[in-house]
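Please read the structure below before turning to the comments.
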6 protein chains.
Amino acid sequence: MTEDESRIQHFAAEREALNETVMRYAGRNIKRFYNIDSQVYHNGALPAKTKEMLGLVASLVLRCDDCINYHLIRCHEEGVTSEELEEVIAVGLIVGGSIVIPHMRRAFQAWDDLQSTNADAKQEM
Amino acid sequence: MTEDESRIQHFAAEREALNETVMRYAGRNIKRFYNIDSQVYHNGALPAKTKEMLGLVASLVLRCDDCINYHLIRCHEEGVTSEELEEVIAVGLIVGGSIVIPHMRRAFQAWDDLQSTNADAKQEM
Amino acid sequence: MTEDESRIQHFAAEREALNETVMRYAGRNIKRFYNIDSQVYHNGALPAKTKEMLGLVASLVLRCDDCINYHLIRCHEEGVTSEELEEVIAVGLIVGGSIVIPHMRRAFQAWDDLQSTNADAKQEM
Amino acid sequence: MTEDESRIQHFAAEREALNETVMRYAGRNIKRFYNIDSQVYHNGALPAKTKEMLGLVASLVLRCDDCINYHLIRCHEEGVTSEELEEVIAVGLIVGGSIVIPHMRRAFQAWDDLQSTNADAKQEM
Amino acid sequence: MTEDESRIQHFAAEREALNETVMRYAGRNIKRFYNIDSQVYHNGALPAKTKEMLGLVASLVLRCDDCINYHLIRCHEEGVTSEELEEVIAVGLIVGGSIVIPHMRRAFQAWDDLQSTNADAKQEM
Amino acid sequence: MTEDESRIQHFAAEREALNETVMRYAGRNIKRFYNIDSQVYHNGALPAKTKEMLGLVASLVLRCDDCINYHLIRCHEEGVTSEELEEVIAVGLIVGGSIVIPHMRRAFQAWDDLQSTNADAKQEM
């Protein structure tokens, strides 16, 4: 396993641990928000894949690294290709401007890590 | 023609007039930015339809009415259905929060106008 | 009735009409979001009055005039005094900076309209 | 006098009227903020002209039309040329992205109005 | 002492060290801004406790972790309960949307640390 | 060499490594954006020094630490003095509000590091 893979894995693990803390304090409204936040990306008139790309571009222009990482993992799971991802990110860069660049850099690095995880997994089979 | 149609038409006409003013002042960098801003929504690994939905959700969470109007017109041209549009807007609302609501209200109104323009056009045929 | 009062009344009427358009298109997620968006300002551990001031300061620093107007009306209904309002706005101004000033100007004007509506109503009794 | 000139004049007049309303409600902190907000653009290690360009680019990327208008008027007073202005706006566009475009359009239109006011004034002499 | 407590203490110590660097460079305007930034949270028509909750919700929707941490410490000092805090954060989440979630996660974790510091302090007595 | 210098050097090295990853994925639009993003700060009607100060203030009010660091390095190279820098930052603070403070703190610290690098370099000659 490379250092890069553990970065993404570290993000996912920390995210889960913190969500547990949230749930200890959360009242009804926060819990219901979490529920809608999950439903909104499910298959519907648009497939989950498209919705994850929508979530990614929204996270990019709002410049939230954690949100970007989450949607990159989901895009990877939904089978978004590197060519498609590049085009999603290009839209985010043009809409959001150069202020998006530091987040774009980290996004491509995380995507690169996810790709190599994939390649390693294939090799192990 | 309804009052609503002329609102969208007014937006498009004013946009064109102001772009002419921009071009009288614009140097090389602004002109090249305009060019990329057009290219990035063209068909590629992802179809133009998907890219316009990406542009719409990005405009929604950044809360720019003019950008929202522009991408609504383009989504309409690319054949986005009302069910698909509702799901794009739902993602924008959940990512961006209640601060998005005033823009969402105007977006659905503009979409409603675009739909009725369509219905009128069909009736005329 | 002064011109100013009708401005606030115009805002409230337009808001209602547009919400009807939203509801014609809205699916389950948007409807549920509207529901939470209402619940979150109800009396709880904190009184509704405090929550409306929280909504106002959040709207100010995010610079959303429609949201500011809505929370000003609600603050007025909950009995926020002009001295209290000034302190809420001062926090918003310091946190958000001079970019907040144009919204602050319109907020004080709207508040002034709400106060004079009140004075007129008292006089009529 | 053209219609365009009165638009800028209308902005300046409305701004003054609303500031009077602010001052009727403002406590010590808001008043002191207004004071710093004025001081920070005075001549110092950097000339006022440079500081107004800084204020303009900050207003552009934060997408505040009223703030943009104010700094355009001040840039015009400080002798910023159209070539210099175009470069300030180009930086704002690249940093802030296409979401800045609607504000850029209105900014160039307002600048155009200010230039023609100038030309008229010279002709009258 | 837990690892968590030292995280908050580390934040407070680093904040103080960096403020000293600011003060070595700061001219009159920055110093006066710091002064207003302190005054605006003092007891007035509204108690400091309410103002700290206003500062917290503004920091949440603007997604500034350092500002959130600072206001969490102050809310804790002013006797805000966990139930009250949850409601402030719920308002911030609904206004700001899912983009606020990563900051909310860290906010509840920091609050949890502050609570356990408190419990430890009581136990030591 | 101090610990502080290596922090800035670390930033520059990491930035370069990540840009290489970007370039492996980037299509034509992203590459062209990078090109404009470089051109826009070149000498023109305004000198590069002024443009870097514009880039800095825009980065400050948009609160992007990586962008701030980059423009601080460039401002230092273009001979911006500490007095000039303080005034650029003061404009950013007043426009953007207290939410800018954590970024301002880190900006002055990075500037302080750049100054001491300079002093060390002079001493070595």
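The values are calculated or read from the model by the stated rules, or taken from the named source; none is laboratory data. Values in this document were obtained by computation on a predicted structure and should not be read as measured data. Neighbour counts are summed over all protein chains in view; Cβ atoms, including those assigned to glycine, are modelled from backbone coordinates with ideal geometry. SASA here: full protein model, heavy atoms, side chains in, ligands and nucleic acids out. Shrake-Rupley method; radii C 1.70, N 1.55, O 1.52, S 1.80 Å.
So here's what we get for this one:
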{"quantity": "Area buried, chain D against chain E - accessible surface, total, 1.4 angstrom probe, square angstrom", "calculated": "700 Å²"}
{"quantity": "Accessible area per residue in Å² at 1.4 Å probe, computed on the range D:1-118", "calculated": "37 Å²"}
{"quantity": "Cα convex hull of the range D:33-85 - mean projected area over all directions, nm²", "calculated": "3.8 nm²"}
{"quantity": "Residue among B:A48, B:A110, B:A26 with the largest mean-square fluctuation in a Gaussian network model of chain B, springs linking Cα atoms under 10 Å", "calculated": "B:A26"}
{"quantity": "Among A:V95, A:C75, A:M23 - extreme Cα towards positive end, dipole of chain A, charges at beta-carbon", "calculated": "A:M23"}
{"quantity": "Prolate/oblate/rounded call for the range D:1-61, Cα gyration tensor, a/c under 1.5 rounded", "calculated": "oblate"}
{"quantity": "Convex hull volume per residue in cubic angstrom - Cα atoms of the range E:1-111", "calculated": "118 Å³"}
{"quantity": "Chain B - percent relative contact order, Cα under 8 Å, separation 6 or more", "calculated": "30 percent"}
{"quantity": "C-alpha center-to-center spacing [the range C:1-65, the range E:43-121] in angstrom", "calculated": "23 Å"}
{"quantity": "GNM result for chain D, Cα springs below 10 Å: residue of D:R28, D:R63, D:R15 fluctuating most strongly", "calculated": "D:R28"}
{"quantity": "Spread of Cα-to-Cα distances over 20 Å intervals beginning at zero, given as percent, for the protein assembly as shown", "calculated": "16, 52, 29, 2, 0"}
{"quantity": "Nearest-10 value in Å² for the accessible area of C:D37, using the 1.4 Å probe", "calculated": "40 Å²"}
{"quantity": "Disulfide-incompatible cysteines by the Cβ rule (no partner under 4.7 Å) in the protein assembly as shown", "calculated": "A:C75, B:C75, C:C75, D:C75, E:C75, F:C75"}
{"quantity": "Size of charge dipole - the protein assembly as shown - debye, nearest 20, with Cβ of Lys, Arg +1 and Asp, Glu -1, no other charges", "calculated": "0 debye"}
{"quantity": "Across A:K31/A:K51; B:K51/F:K51; B:K31/D:K49; B:K51/C:K31; A:K31/E:K51, pairs whose alpha-carbon gap is larger than 24 Å", "calculated": "B:K51/F:K51; B:K31/D:K49; B:K51/C:K31; A:K31/E:K51"}
{"quantity": "Protein-protein interface of the range D:26-53, residues with accessible area decrease of at least 50 Å², isolated chain reference, 1.4 Å probe", "calculated": "D:N29, D:I30, D:R32, D:F33, D:I36, D:V40, D:A45, D:L46"}
{"quantity": "Minimum 50 Å² accessible area buried by the other protein chains, the range C:89-112 residues, probe 1.4 Å, relative to alone", "calculated": "C:V91, C:I94, C:V95, C:S98, C:I99, C:R105, C:F108, C:D112"}
{"quantity": "Heavy-atom accessible surface of the protein assembly as shown: percent carbon and sulfur, 1.4 Å", "calculated": "47 percent"}
{"quantity": "Accessible surface ranking that places the most exposed of E:S59, D:S82, E:S38 first, with a 1.4 angstrom probe", "calculated": "E:S38, D:S82, E:S59"}
